[in-house]
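Undergrad: Sharing a structure with you now.
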Amino acid sequence: MARFAGTALLVLLAAAVMVLAVANRHPVTIRVDPFDAHGLTVAVPLYMLIFALIALGVVIGGLAGWLGRKDARRAARADRRELKQLRKTAAPAQPTVLALAPPPKKAGRRRLGA
């Protein structure tokens, strides 16, 4: 059921993206230098600009999250080094063999004549 819901949500999201692309296909002029009217300009459809900015936001957000977990990664590396050192210095465990005592003799009646 959850898989169906995820697929349905993905289909609805794809439909919304297609509607956005069709509705915003008019070209938009992007100027790299706002002070020079004849400088580098690029004309792209508005939906491409929107998608590019969303992708840029995802990359920047991912980079910020990755940099934010720097201390956790450093601690994990230190823990791995410590564990490796402890495994190297620990004496290997010797298997212990327990000697089994013979089973006790049954105490019971003795047969006469046997």
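Undergrad: Identify, from the list ARG3, ARG25, ARG87, ARG80, the residue that is surrounded by 10 or more Cβ atoms within 10 Å (Cβ to Cβ), among the charged types (D, E, K, R) and either on the phi > 0 side of the Ramachandran plot or not in a loop (DSSP other than H, G, I, E, B) (or both).
TA: Details: ARG3 fails: surrounded by 10 or more Cβ atoms within 10 Å (Cβ to Cβ); ARG25 fails: either on the phi > 0 side of the Ramachandran plot or not in a loop (DSSP other than H, G, I, E, B) (or both); ARG87 fails: surrounded by 10 or more Cβ atoms within 10 Å (Cβ to Cβ).
After applying the criteria, what remains is ARG80.
Undergrad: Also, I was wondering about something else. Among (1) of a type outside the set (S, T, N, Q); (2) under 20 Å from the mean Cα position of the chain (by Cα); (3) at pLDDT below 95, which single condition is LEU49 missing?
TA: Unmet for LEU49, out of (1) of a type outside the set (S, T, N, Q); (2) under 20 Å from the mean Cα position of the chain (by Cα); (3) at pLDDT below 95: (2).
Undergrad: I need the full set of residues from the stretch 28-46 which are assigned to a loop (DSSP other than H, G, I, E, B) and surrounded by 10 or more Cβ atoms within 10 Å (Cβ to Cβ), in order please. Before you say what the answer is, go through the steps one by one.
TA: Step one: of the stretch 28-46, the residues assigned to a loop (DSSP other than H, G, I, E, B) are 32-40.
Passing the criteria: ASP33, ASP36, GLY39.
Undergrad: Taking the conditions exactly as written (under 35 Å from the mean Cα position of the chain (by Cα), modelled with pLDDT of 75 or more, farther than 30 Å from THR29 by Cα and of a type in the set (A, V, I, L, M, F, W, C)), does ALA90 satisfy them or not?
TA: When the stated conditions are applied, ALA90 passes them.
The values are calculated or read from the model by the stated rules, or taken from the named source; none is laboratory data. The model shown is predicted, which means the values in this text are computed figures rather than measured ones. So basically every Cβ, Gly included, is an ideal-geometry build from the backbone, and we count neighbours across all protein chains shown.
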